[in-house]
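Let me begin by presenting the structure, written as C-alpha cells, before commenting on it.
The values are calculated or read from the model by the stated rules, or taken from the named source; none is laboratory data. Only a predicted model underlies this, so the values are computations on that prediction, with no experimental measurement involved. Neighbour counts run over all protein chains shown; Cβ positions are idealised from the backbone, glycine included. Surface accessibility is based on the protein's heavy atoms, side chains included, excluding ligands, DNA and RNA. Shrake-Rupley method; radii C 1.70, N 1.55, O 1.52, S 1.80 Å.
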Amino acid sequence: MQNVHAFGDDALRDSDAVGLVERLRSGEVSAVDLVDAAIARSEAVDPHLNGLAYRDFERARAAAVETARPGRSGYFVGVPTYVKDNVDVAGMPTMSGTDAWQPQPAAADGEFPALYRGTGLIPLGKTQLSEFGFSASAEHPRIGAVRNPWNTDHTAGASSSGSAAFVAAGVVPIAHANDGGGSIRIPAACNGLVGLKPSRGRLPLDKDWRAMPIRIVFNGVVTRSVRDTAAFYAEAERISRNPKLPPIGDIRRPGAQRLRIAVITQSISRETSAEMRELTLKTAALLEGLGHHVDYLDRPPVPSYFADDFLLYWAFLATALVRGGRRMFGESFDRSKLDNLTIGLDRHATRNLYRLPLSVARLAATRRHTARMYRDYDVALTPTLAHETPQIGHLDPTASYEQVIDRLMDWVAFTPLQNVTGEPSISLPMAQSAAGLPVGMMFTAPLGQDARLLELAYELEEAQPWATIQGRA
C-alpha cells in the first residue's frame, strides 16, 4: 500500500480551479507558474500512478506564455488540465487506451476539445484509460495499470482513470472525463472526486459518438470541489448552450427547495455489499437531517432485462471497433494486440446479433420507466458502485472474458442506467470504506435538471466536507 500525492508549497498549492482563477486575476501567480508546477507534479507522481498517456509539456508552456497577451478569453485562462486520450486534440495522437495501431497526431480538435480549450484551460497532454473505455479498471497488459493515489494497490477506476488519479493526486485541479457506462462517476467515486455526467445534449460529442443508435457517451470533467464543476458548466454554457435543455446557469450555493428523494440500495440484478448499503443509508440519514423527504425503494424502476440489453449494446460497440479497426485506425491496426475483454465483447455481440434490434428498442424505451419514478421524486440516491474499489488484478484483462465481465457487472451495477436514459447523475465523495478508500454516492435527477444536482451537491459538501488525500499522507 502506498499513498501518493503531489500537493505542496509550489504555485498550485492545494487550490481548486476557481481558487487558481482568483489567484491568477490578483497577480499572485502566473499561468507559466501554474503550468510549470503541474508539469513537475506530473513527473513526480506518474511513475507511481501511470496516468499519463501523452505529454505535450512544451506546447503547454507556450500556451501559458500566450495568456499574458491581450485578447485571451475564457474563465479558466491559465489553469492547467489534462484531456482523456479518446478525443482528438490538434497535434496529439489519440490511442484510446490501446496500442493496437500506430497513432498519428490529430489534424484538428474534436467538438468537445474545442469547447474545452475555449474555456481557457491549458492541456498538458492526455491521460490513460482502459482499452476503448470498456473496462471499469485500466489494467492494460503492456501499458500497465493506472493506480489509485489513495492506495496504489487499488484501481483508479475507469475509463477516465488517468484524469481522476491526477486530479485526486493534486497534479491538476480539473481534468476531462467522459462516460459511456459510468466513466465519469466511477473514477470520481474511486478517487474521492466530484463527477457529474450531464444530461444528454448538454455538452458536444464528436461525430462518431453522435452516430450511435443510442447516444450513451457523455463528456464532462472530474474535480475536487463542487464549485469547480459548477464553474465549468457555467462557462461551457456560455460558449455553447443547447436550447432544448433548461439552462444550468451560474450555480454558486445550495438550493433552498427541500427535495423528495428516493433511496435505492439494491441494483437491477445484483446484490450490493453490506458496507455500501450501510454507507448509503448514512447519506440518506444526513439528507433527512437537512430537511429533505426520503423514501426507500426496493430496486431501480426498470425491467430486469436491462442489464443484458446494455451488455449486448456495449458489446456491439466493441464489434464495430474490432471489425472496423483498419478502416477507422489505418493499416497498422492489429487485433491480436487487443485485450481479452475487447475480444470477448466482440464475440458476445456476434453470437447474439439477432437479439440486438429488440435490445436497442427496449433500451430506447427505458426512460419511460424512470420518468414514472420522477413523477413522485426529485432525486434518486444510490451508491455509485456496488462494492469497494477492488485491487489491481481483480479486473485483469488477460483473464478470461467470462471472469472479467461477471466481475464488472457485479461492481458496475448502478451507473449504466443514466447513460441510456440520458438523465444527469453525479457522484459525490460522501464516505470512506473501512479500509480508508473513498466511496461515492450517486444522485440522479430528471433530464435537464443538472442544476438541481449541483445545488444539492453544494449543500452536502457544506454539511459534510470531503475527506482529503493529504489527510492520509
remark   = Scalar couplings 3J(HN,Hα) for the range 142-158 by Karplus 6.51 cos²θ - 1.76 cosθ + 1.60 (θ = phi - 60°), nearest whole Hz, x for Gly and Pro, are 9, 6, x, 8, 8, 9, 7, x, 6, 6, 6, 6, 10, 6, 8, x, 7
ask   = Separation between the K282 and Q391 pseudo-spin-labels, each 7 Å from Cα along Cα→Cβ, expressed in nm?
value = 2.4 nm
ask   = In the range 32-100, what percent of the accessible surface is made up of carbon and sulfur (1.4 Å probe, ligands and nucleic acids excluded)?
value = 50 percent
ask   = Efficiency by 1/(1 + (r/R0)^6): what FRET value for L358 and E22, r their Cβ-Cβ distance, R0 = 60 Å, to the nearest 0.05?
value = 0.65
remark   = The set of residues whose placed amide H lies less than 5 Å from the amide H of Y296, leaving out same-chain residues fewer than 5 positions away, is V263
query = Given only helices, namely DSSP H runs of n ≥ 4 each adding -39500 (n - 2.57), what is the per-residue ellipticity at 222 nm of the chain, to the nearest 500 deg cm²/dmol?
reply = -11500 deg cm²/dmol
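Counting other Cβ atoms within 10 Å of each Cβ, which trypsin sites (Lys or Arg not before Pro) in the range 136-226 have at most 11 and sit in a DSSP loop? Could you put the intermediate results ahead of the total?
Numbers: sites: R142, R147, R185, R200, R202, K207, R210, R215, R224; in loops: R142, R200, R202, R215, R224.
Listed in order of number, the matching sites are R142.
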message = As a quick test, which of the pairs K197/K337; K126/K244; K207/K337; K126/K197 have an alpha carbon distance above 28 angstrom in this structure?
response = K197/K337; K126/K244
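Looking at the range 286-364, which chymotrypsin sites (Phe, Trp or Tyr not before Pro) are DSSP coil and have at most 16 other C-beta atoms within 10 Å of their C-beta? Display every interim value, and only then the final one.
Values: sites: Y296, Y305, F306, F310, Y313, W314, F316, F329, F333, Y354; in loops: Y305, F333.
Qualifying residues, ordered by number: Y305.
Tell me the chymotrypsin sites (Phe, Trp or Tyr not before Pro) within the range 190-269 that lie in a loop according to DSSP and have at most 14 other beta-carbon atoms within 10 Å.
On the way: sites: W209, F218, F232, Y233; in loops: none.
The qualifying sites: there are none.
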query = Rounded if a/c is under 1.5, else prolate if a/b beats b/c, else oblate: with a ≥ b ≥ c from the C-alpha gyration tensor eigenvalues square-rooted, which is the range 330-473?
reply = oblate
task = Show which aspartates and glutamates lie in cross-link reach of K282 when reach means a straight Cα distance below 14 angstrom and same-chain residues fewer than eight apart are skipped.
result = D295
query = Can you list the residues of the range 312-353 with backbone N under 14 Å from a point 7 Å past the Cα of Y305, pointing along Cα to Cβ?
reply = 312-313
ask   = If you compute volume of the Cα convex hull per residue in Å³ for the structure shown, which of [x] 130; [y] 187; [z] 229 do you land on?
value = [x]
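If we count GluC sites (Glu not before Pro) as exposed when they sit in a DSSP loop and have at most 15 other beta carbons within 10 Å, what is the longest stretch of the chain that avoids them all?
29-270
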task = Search the structure for amide H atoms under 5 Å from the amide H of S425, placed 1.01 Å from N in the peptide plane, and list their residues when 5 or more places away or on another chain.
result = K197
ask   = Under a 1.4 Å probe, what is the accessible area of the chain per residue, stated in Å²?
value = 37 Å²
request  = Quote to one decimal, in nm, the extra length available between R260 and D99 on full extension: 0.36 nm per residue of separation minus the C-alpha distance between them.
outcome  = 53.2 nm
